[in-house]
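In what follows, a single structure is set out as structure tokens and then discussed.
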Amino acid sequence: MFGKTRAVPSEPATPDPVALERAVSEGVLISRAAAVVSVANSIVIRALRDHEHFDHDRTREAVRTILGRLAAEQREQNERIAGERAKALKAKGRSRHQHDYRRGDDDTLWFREKTYTAVAERLDDLQSDDDFVGGIVAAAVERAWGDVGAVIVTRVSAVEAVDPAYHDERDQRLRDFVDGDIARLLAQPPPGSDAPRSF
């Protein structure tokens, strides 16, 4: 009855709203970039491998699907961090490495949980935002065009590659030009005259 009582950990304080919004905005930006790359890759594959024409509606649906998948990944991360947090609250001793969480990491892990949840919710909302989805489609098309253009330029450059001996033989070509072509030009009479040029 008079033994030691274990203190029950209190719920961490509500995360700073400004810091949370900044973290959520960064998470959405990262997710947007991932969606652009994924959609651009599928545009290139459909065009080059499958010989399909660009379909704007199909691409918009692909963006919405990818945003849903990214939201699900955020929820999975939330569950993983929640598990890490539960273990950290029970862990004793000192941390052995950066991912060996302890009770002192509770606020940080709580903040991550809240961030993952908020990013997932924001991505859910953005799936129905036509402007956001359209922006990803436009960025993906631009990236796909850049990727395809770079491949074409690389292939054309490879075909038009300069003979490796070109630079080594430059001096001889210049001598031939001066001794042959320039000498013949100098030996010809100026236009409208029968006499050779004199210098």
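Brief remarks on what is shown
- Note on the range 18-61: percent of Cα-Cα distances in each 5 Å bin, starting at 0 and stopping at the bin with the largest distance, equals 5, 20, 19, 18, 11, 9, 9, 5, 3, 1.
- Table column - 3J(HN,Hα) (Hz), the range 129-135, Karplus curve with 6.51, -1.76, 1.60, x for Gly and Pro: 8, 4, 5, 5, 4, x, x
- Of the residues Asp168, Asp106, ranked by 1.4 Å probe accessible area with the largest first, the sequence reads Asp168, Asp106.
- Dipole of the range 22-61, positive end: most advanced residue of His51, Val39, Ser25 [Cβ charges, Cα centre]: Ser25
- Note on Thr117: accessible area is roughly 50 Å² with a 1.4 Å probe, heavy atoms of protein only.
The values are calculated or read from the model by the stated rules, or taken from the named source; none is laboratory data. The structure displayed is predicted, hence computed values, not measured ones. Every residue, glycine as well, gets a Cβ built from its backbone with ideal geometry; the counts of neighbours run over all protein chains shown. Heavy atoms of the whole protein, side chains included, go into the accessibility calculation; ligands, DNA and RNA do not. Shrake-Rupley method; radii C 1.70, N 1.55, O 1.52, S 1.80 Å.
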